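What follows is a short report on a single structure.
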Amino acid sequence: MADRQEIETTVHNLIQPFNKKDVALTDATTFAGDLEWDSLTVMDFVAAVEDEFDIIITMNMQAEIETVGQLVDAVGKLKG
């Protein structure tokens, strides 16, 4: 399984182009609230994450993932 720190760093790097307000990223940072992403931004970002890690994030999983930390953990499980 990939190291959580490596996954977290990669996820943070993938967020940067979408982080228009330059929000400081933590495990508790929310996509809808803190980053203020709309559904189109979320879809573009999910596609970038799936491509980077060669995984598929289902719609059910997407609905449950609200924070950066939850996404990092989900990627870790999918990669494991």
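Per DSSP H run of at least 4 residues, take -39500 (n - 2.57); add these up for the chain, divide by its residues and hand me the 222 nm value, nearest 500 deg cm²/dmol. Calculated at 222 nm, the ellipticity per residue is -17000 deg cm²/dmol. Partner aspartates and glutamates whose Cα lies under 20 Å from the Cα of Lys21, excluding those fewer than 8 positions away in the same chain, are identified as Glu8, Asp34, Glu36, Asp38, Asp44, Glu66. For the chain, relative contact order (Cα pairs under 8 Å, six or more residues apart, normalised by length) works out to 47 percent. For segment 15-21, 3J(HN,Hα) computed residue by residue from phi via the Karplus equation (6.51, -1.76, 1.60; θ = phi - 60°) reads 6, 3, x, 9, 8, 5, 9 Hz, glycine and proline entered as x.
On full extension, the segment bounded by Lys79 and Thr26 gains 17.0 nm, given 0.36 nm per residue less the C-alpha separation.
The structure-derived value of Cα Rg over 2.2 N^0.38 Å appears in the list (i) 0.98; (ii) 1.04; (iii) 0.94 under the label (i). Of the peptides 32-44, 4-16, 63-75, the order by per-residue mean of other Cβ atoms within 10 Å, starting with the highest, comes out as 63-75, 4-16, 32-44.
Taken together, the values in this text are just the output of simple stated rules run on the coordinates, not laboratory data. Being a predicted model, the structure only gives us computed values, none of them experimental. Backbone-built Cβ (ideal geometry, glycine too); neighbour counts: all protein chains shown.
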